[in-house]
Amino acid sequence: MTSTDVYGLQPGDRITVSPGAAMSGHTYRTLAGGFALDVTSVRTDHRGDFEVSGIELTTRGAWRHGVPSRSVILPRGAYSIPVRVGDSVAASGISIAAAVTALHVRADGTAVADLLLPEGETRCGYNLVDLQHRARAAQEPVRRPCLRAHAAEARCQRCLDADEPATMPCDAERCSVTAVNVLLTRRGHTLGACGSHTEQVRHILQDGAAVTIVLRAGTRECYADGTQVATCRHCGHQIYPALAGARRPWRGNQWDETGRCGAAEDRTRIRTLHAPAETCAELDLAIAGAVCGPTADQHNELDCPARNLR
């Protein structure tokens, strides 16, 4: 899609239709009221108008109760310009134009955007209905090391940190290496240790009988009972290593026997297994795109407050 074709439509676009501008796709009568639509299919008729089907949205961009669908005929320009990845937009609290690098859908259907500012900072969670479209990218942006899409020449701090490991660090003094072990004391204290500093960390704990547990890649925390906690790179929720003998390496909760990621399967309709975010880029994108918002890594999928909305 070129920068001049800002009113072209495609599935996934979200638009606000102007009052009196659309016709019903069934009766061909003019619709007096305006409404917002999540476009699911679109084609062009012989007049050049768009025959559009979609899900009706609330004023805040969420799916209406019952997820009602509508079929309408839209003349070009009878609706707001859809915001897409790569577009330049204005947002509340940002004094200069920012680029949209990713779009996410919350459990209630609300679409939110990640924005890249010119100085390289990425900000997340901007509701699409609050964004003002400024310009469309002349070329579709390509996915970068930060796992978001933006122009190659754009400054991005998260691209610089993308390959940093998400696994908990070594707790030895002046050591910034990723931990490979965690030491667990009888009092329930835990500290991470790299291969070179395991004995030094044991001395810090002042417990020669501390149990050494081998960390799995992506583990961000270890509970006092030795349970390792990671963040799923698909859904952003807490996941745990599977019990001995299980077929799958990670589980979503203590009763999970399948290892399947329900939130990711709802989104992609593809069978998906829980897997840990092993880099900062994977971790950052998983939390930003979680259906329940940026607190997803503080609970597992079973305890997710948005579970009943999906």
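When only residues in the range 212-254 that are within 26 Å of A290 (Cα to Cα) and among the small types (G, A, S) count, which is surrounded by the fewest Cβ atoms within 10 Å (Cβ to Cβ)?
A217
Identify the residue in the range 191-211 that is touching a Gly at 6+ places or on another chain (Cβ under 8 Å) and surrounded by 14 or more Cβ atoms within 10 Å (Cβ to Cβ) and, among all such residues, is farthest from S176 (Cα to Cα).
At the first step, the residues of the range 191-211 found to be touching a Gly at 6+ places or on another chain (Cβ under 8 Å) are 201-202, 211.
Still in the list and also surrounded by 14 or more Cβ atoms within 10 Å (Cβ to Cβ): 201-202.
Details: V201: 13, R202: 17 Å.
Checking each candidate, the answer is R202.
Have a look at V201, V180 and point out the one that is within 27 Å of H299 (Cα to Cα) and not acidic (D, E). Can you show your working first?
Working: V201 fails: within 27 Å of H299 (Cα to Cα).
Going through V201, V180 in turn, the sole match is V180.
Of everything in the range 158-178 that's β-branched (V, I, T) and touching a strand residue (DSSP E or B) at 6+ places or on another chain (Cβ under 6 Å), which residue is nearest to Q238 (Cα to Cα)?
T167
Of all residues in the range 54-72, which are surrounded by fewer than 12 Cβ atoms within 10 Å (Cβ to Cβ) and either in a strand (DSSP E or B) or of a type in the set (S, T, N, Q) (or both)?
The answer is T59, and nothing else.
Against the condition within 25 Å of the chain's Cα centre (by Cα) and in a loop (DSSP other than H, G, I, E, B), how does P82 come out, does it pass? Break it down into steps so the answer makes sense when it comes.
Working: within 25 Å of the chain's Cα centre (by Cα): yes; in a loop (DSSP other than H, G, I, E, B): yes.
Taking the combined requirement at face value, the residue satisfies it.
Going by the conditions given, is V6 at negative phi and at pLDDT 95 or above? Before the answer, list the steps.
Numbers: at negative phi: yes; at pLDDT 95 or above: no.
Considered against the rule, which asks whether it is at negative phi and at pLDDT 95 or above, V6 comes out as no.
How about the range 131-163: which of its residues are in contact with a Gly (Cβ under 9 Å, 6 or more places away or on another chain) and of a type outside the set (A, V, I, L, M, F, W, C)?
R136, Q139, E140, P141, H150, R155, Q157, R158
Which one of the conditions (1) surrounded by 12 or more Cβ atoms within 10 Å (Cβ to Cβ); (2) outside any strand (DSSP E or B) does E51 fail to meet, given that it meets all the rest?
Among (1) surrounded by 12 or more Cβ atoms within 10 Å (Cβ to Cβ); (2) outside any strand (DSSP E or B), the lone unmet condition for E51 is (2).
When only residues in the range 196-217 that are of a type outside the set (S, T, Y) and touching a Cys at 6+ places or on another chain (Cβ under 9 Å) count, which is farthest from R251 (Cα to Cα)? First the steps, then the outcome.
To start, the set of residues in the range 196-217 that are of a type outside the set (S, T, Y) comprises 197, 199-211, 213-217.
If we keep only those that are touching a Cys at 6+ places or on another chain (Cβ under 9 Å) too, we end up with 197, 200-201, 213, 215.
Values: H197: 30, Q200: 32, V201: 29, I213: 19, L215: 16 Å.
Looking at residues that are of a type outside the set (S, T, Y) and touching a Cys at 6+ places or on another chain (Cβ under 9 Å), I get Q200.
Under the condition of being free of Cβ contacts under 8 Å to residues at least 40 places away in the same chain and among the basic types (K, R), which residue from the range 222-275 is farthest from T185 (Cα to Cα)?
Per the criteria, the residue is R269.
For the range 276-310, which residues satisfy the criterion of being in contact (Cβ under 8 Å) with a residue 60 or more places away in the chain and of a type in the set (S, T, Y)?
The answer is T279, and nothing else.
Give me the strands (runs of 3 or more DSSP E) completely within the range 190-247, filtered to those with at least 3 residues that are outside the structural domain of R260 (by TED's automatic domain parsing) and at pLDDT 95 or above, ordered by residue number. Give the steps one after another, and end with the answer.
Values: elements: 190-193, 211-214, 219-222, 228-231, 238-241.
No strands (runs of 3 or more DSSP E) qualify here.
Within the range 256-286, which residues are surrounded by 18 or more Cβ atoms within 10 Å (Cβ to Cβ) and in a loop (DSSP other than H, G, I, E, B)?
Matches in the range 256-286: D256, G259, C261, T272, H274, A275, A277, E278.
Mind telling me which of the residues A193, A172, A149 ends up being under 28 Å from A98 (Cβ atoms) and among the small types (G, A, S)? Lay out the reasoning, then the answer.
Values: A193 fails: under 28 Å from A98 (Cβ atoms); A172 fails: under 28 Å from A98 (Cβ atoms).
Exactly one of A193, A172, A149 is under 28 Å from A98 (Cβ atoms) and among the small types (G, A, S), namely A149.
The values are calculated or read from the model by the stated rules, or taken from the named source; none is laboratory data. Keep in mind it's a predicted model, so treat the numbers as computed, not measured. Cβ atoms come from the backbone with ideal geometry, glycine included; neighbour counts cover every protein chain shown.
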